[in-house]
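See structure below.
The values are calculated or read from the model by the stated rules, or taken from the named source; none is laboratory data. Small disclaimer: the values here were computed from a predicted structure and weren't measured. Cβ sites come from the backbone with ideal geometry, for glycine too, and all protein chains shown count toward neighbours. Please note that ligands, DNA and RNA were not included when accessible areas were found on the heavy atoms of the full protein model with its side chains. Shrake-Rupley method; radii C 1.70, N 1.55, O 1.52, S 1.80 Å.
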Amino acid sequence: MNYSFSDKVSRLQASAIREILKFTAFPDVISFAAGNPSPEAFPTEEIAEITASILQSNPVAALQYSISEGYSPLRDTLKKRLAEQNCFNARTDELIITSGGQQGNELSCKVFFNDNDTLICESPSFIGSLNSFKSYNANLIGVPLESDGICVEKLESALKANSNTKIIYLIPNFQNPTGLCMSYEKRKYVYALAQKYNVVILEDNPYGEIRFDGEHIPSVKSLDTDGRVIYVGSFSKILAPGIRVGFVSAAKEIINKIVICKQVSDVHTNILAQMICTQFMNNYNLEAHLEKLRAIYKRKSSLMLSCIDKHFSQKVSVTRPQGGLFIWADLPQGYDTTAFCKRAVEEYKLAVVPGNAFLVNENDKISSFRLNFSTPSDEQIIKGCEILGRLTKEWLENEN
């Protein structure tokens with residue numbers, strides 16, 4: 001049979017990350033390509049205790065249908081925590097639990113976009129969100145990143161040139177894929193631009209709680225005085241990604257629409273998982289757990305950076321993140337990193353992700369690639385950086 005797929009689906013392509021991850025199924029491949037939390041970061045014993053307690057004391061509630069807005073005790077706990085971070089205003093805002101932060105981004109786009117409305121995002125940006133936006137026929141405009149975040153001059157130029165812009169999508173904290181953090185000055189400037197051009201900001205913050213160096217920077221949502229910032233968070237990086245629990249804090253009118261769209265998508269997020277998150281936040285030491293995560297990722301980031309400094313060609317420059325899970329590497333301009341990454345995995349058994357996978361148009365050329373330090377073991381980081389270092393020297397110093 002010849003299948004006639006929808007135009008929206010036909011536009012989508014398989015993530016380059018997922019294609020490279022296929023190689024990681026082989027036991028001899030070292031992967032710097034994933035974005036998973038470290039295996040040592042999971043509070044497995046605590047989750048086992050909580051799950052057993054729930055299924056013993058309240059099994060029906062954990063296994064029954066529930067409301068689309070989310071488990072009320074979890075929502076109340078999150079509202080209190082977010083209010084302390086100035087990311088929730090009880091007078092004007094509401095909160096919904098989603099199936100991971102990814103669904104929060106997707107539903108936010110769904111409630112705003114008509115075909116060919118414009119979304120402006122950082123370039124590069126998270127491929128999962130980009131595909132979500134493409135699925136609604138959004139016109140995506142990528143704006144280059146600078147060391148302190150999105151280039152505000154080019155952002156304003158894009159806003160001027162696209163009067164149908166609905167959303168500015170940002171990952172201000174330890175951005176995926178670059179690991180960069182947006183300065184407070186730029187956060188204020190971007191918010192002012194959103195007011196000037198009457199657009200919504202979608203602030204994606206999966207990594208903000210795992211800052212391991214530097215000073216905390218207030219969120220864009222903390223600047224919100226007129227209900228134009230949608231704040232998306234997640235338990236994926238701070239508890240466990242497999243439980244698929246995220247949340248959205250935004251103006252009540254926006255959340256009301258997201259609730260309707262979620263009812264169409266999956267009725268509600270897994271209730272047992274929501275109950276686990278609630279009990280972990282209320283009955284265990286969340287701050288001590290976060291400090292443990294920060295220590296793990298600081299150590300692993302420092303290890304990878306020291307190995308890069310030792311083994312990589314000096315022609316390669318890298319970001320030095322203060323949080324999150326990623327390091328961004330730049331080869332000199334003109335080098336084909338898609339070919340570089342393909343050779344790394346096929347010949348050297350080392351998986352990294354080419355930078356063009358994170359662009360609005362994956363066919364564009366970019367001389368960069370992403371490294372993940374959270375997933376591999378310390379031994380794999382040491383061995384993998386030595387292998388990759390040899391390839392950078394061969395690629396940059398011998399062949400060209």
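In Å², and per residue, what accessible area does the chain have when probed at 1.4 Å with the other protein chains present?
Roughly 44 Å² per residue, with all protein chains present.
What percent antiparallel are the DSSP beta bridges of segment 59-178, to the nearest 5?
15
In nanometres, what is the gap between the two model label sites at GLN195 and SER4, each 7 Å from Cα along Cα-to-Cβ?
Rounded to a tenth, the inter-label distance reads 5.1 nm.
Return the tail of the calculated pair distribution for the chain, meaning the percent of Cα-Cα pairs more than 27 Å apart.
51
Are there GluC sites (Glu not before Pro) in segment 171-238 that DSSP marks as loop and that have at most 15 other Cβ atoms within 10 Å, and which are they?
Listed in order of number, the matching sites are GLU215.
Hey, any idea what % of the chain's accessible area is carbon plus sulfur with a 1.4 Å probe?
50
Per DSSP H run of n ≥ 4, the term is -39500 (n - 2.57); total these for the chain, divide by its residue number, and report the mean residue ellipticity at 222 nm rounded to 500 deg cm²/dmol.
Calculated mean residue ellipticity at 222 nm is -13000 deg cm²/dmol.
What accessible surface, in Å², does a 1.4 Å probe find on HIS289, ignoring ligands, DNA and RNA and rounding to the nearest 10?
Accessible area of HIS289: about 20 Å².
With N set to the residue count of segment 302-366, report its C-alpha Rg divided by 2.2 N^0.38 Å to two decimal places.
1.16
In segment 311-400, what GluC sites (Glu not before Pro) fall in a loop by DSSP, with at most 11 other Cβ atoms inside 10 Å?
In loop regions of segment 311-400 (DSSP not H, G, I, E or B), the sparsely surrounded GluC sites (Glu not before Pro) are GLU399.
Would you list which lysines come within 20 Å of LYS154, measuring only between C-alpha atoms, while excluding same-chain residues fewer than 8 positions from it?
By straight Cα distance, LYS154 reaches LYS166, LYS186, LYS188, LYS196, LYS365.
Using DSSP, restrict attention to beta bridges with both residues in the chain and report what percent are antiparallel, rounded to the nearest 5.
If we restrict to bridges inside the chain, about 50 percent are antiparallel.
Taking square-rooted eigenvalues a ≥ b ≥ c of the alpha carbon gyration tensor, is segment 260-400 rounded, prolate or oblate, where a/c under 1.5 means rounded and, failing that, a/b exceeding b/c means prolate?
oblate
Note down the accessible area of TRP328, probe 1.4 Å, to the nearest 10 Å².
Only protein atoms counted, so the area is about 20 Å².
Solvent-accessible area of LYS196, probe 1.4 Å, all protein chains present, reported in Å² to the nearest ten, please.
For LYS196, the solvent-accessible surface is approximately 130 Å².
Could you list, by residue number, the cysteines of the chain that have no other cysteine's beta carbon within less than 4.7 Å of their beta carbon?
CYS87, CYS109, CYS121, CYS151, CYS181, CYS261, CYS277, CYS341
Rank PHE373, PHE113, PHE26 by mean-square fluctuation in a GNM of the chain with C-alpha springs under 10 angstrom and give only the top-ranked residue.
It is PHE26.
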